Every structure is written in C-alpha cells, then in structure tokens.
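What follows is a short report on a single structure.
Every number here is computed from the coordinates shown, using simple stated rules; none is lab data. Note that the structure is predicted; figures quoted are calculated from it, not measured. Cβ atoms come from the backbone with ideal geometry, glycine included; neighbour counts cover every protein chain shown.
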Amino acid sequence: MADPLLPLAAQVRENAHAPYSNFKVGAALRSVEGRVHLGCNVENVAYPEGTCAEAGAIAAMIASGDTRIAEIAVIADSPSPVPPCGGCRQKLAEFADGDVKVTMGTTGGLSKTVTVADLLPGQFTAGHMTATT
C-alpha cells in the first residue's frame, strides 16, 4: 500500500458496523489544513439509513472545523479496488476540487488512484440551481 492514507483507512475499516452485508469499508482523508479524518461504514437494518465510510470521514472533517479535502483513500475487502458509490462521489465533489486524488484500495494490496473529476464527470453543482432570468 503505497498511499500513506491507505493503512489508516484499513485500520478504521475494522471498526465498521456491517452486520447485514459483511462488507466493511474504511476511509481516510487529509484536509487542506493537513489533518487526517477517518470514517467507516455504519449499516442499519433499514438499509437506506446507513452511512458510507466516505461520508463518515467527511462528517468528521466538518465536525473538526476543516472544510476541504486534499486527498482521500478508501479501502474494502474486495478482489478489485471499489469506487465510491454515486452519493459519495457527489459528496466528494462538494468538498474537493476536481484534481484531488482518490485512492481506492483492497485489503489484498491492490490500489488504483483517480481524481474526483474522473469519478464524477458532469457533476451537479450549486451553479445548476441558480435561476436565470
């Protein structure tokens, strides 16, 4: 695991609450302020009410007073690197510039790095909600 955030994501992944899917995910992000924030998925028997690891790390970042993502790593026990879900892609785009690196890793040691823009081309932005007259 070459990315320095991947071991942190792997460590917090162990704290995931995934009794229904048994698919534990961990995320570690570094804010532009230089602090590291961690998150893991937390499932709920009412499936839509669960929280993804990326969302947890973003919430921890915001709760600490930081506001922007400089880089993020996500790890899961999967045969290939797992990309963030659609909702988390939008959340990443809210708090990270398009050139921010997203490293996706596996517990088996594979990894792939892309940018936020690679994950979410044509993202929905606040500019789409501005009324034109």
Complete set of residues in segment 8-33 that are surrounded by 15 or more Cβ atoms within 10 Å (Cβ to Cβ) and not in a loop (DSSP other than H, G, I, E, B): Leu8, Ala9, Ala10, Val12, Arg13, Val25, Gly26, Ala27, Ala28, Leu29, Arg30, Ser31
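Take Val74 and tell me if it is free of Cβ contacts under 8 Å to residues at least 60 places away in the same chain and within 14 Å of the chain's Cα centre (by Cα).
Values: free of Cβ contacts under 8 Å to residues at least 60 places away in the same chain: no; within 14 Å of the chain's Cα centre (by Cα): yes.
Criteria not met by Val74.
For residues that are part of a loop (DSSP other than H, G, I, E, B) and either in contact (Cβ under 8 Å) with a residue 40 or more places away in the chain or β-branched (Val, Ile, Thr) (or both), scanning just segment 79-131, find the one that is farthest from Asp3 (Cα to Cα).
Result: Thr130.
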Any residue at all in segment 39-51 that's in contact with a helix residue (DSSP H, G or I) (Cβ under 9 Å, 6 or more places away or on another chain) and either more than 24 Å from Leu119 (Cα to Cα) or of a type in the set (Lys, Arg) (or both)? no
Somewhere in segment 34-41, is a residue in contact with a strand residue (DSSP E or B) (Cβ under 9 Å, 6 or more places away or on another chain), assigned to a loop (DSSP other than H, G, I, E, B), in contact (Cβ under 8 Å) with a residue 24 or more places away in the chain and buried (at least 20 other Cβ atoms within 10 Å of the Cβ)? yes
Could you check Glu54 against (1) closer than 18 Å to Asn15 by Cβ; (2) surrounded by fewer than 19 Cβ atoms within 10 Å (Cβ to Cβ); (3) within 14 Å of the chain's Cα centre (by Cα); (4) among the charged types (D, E, K, R) and say which number it fails? (2)
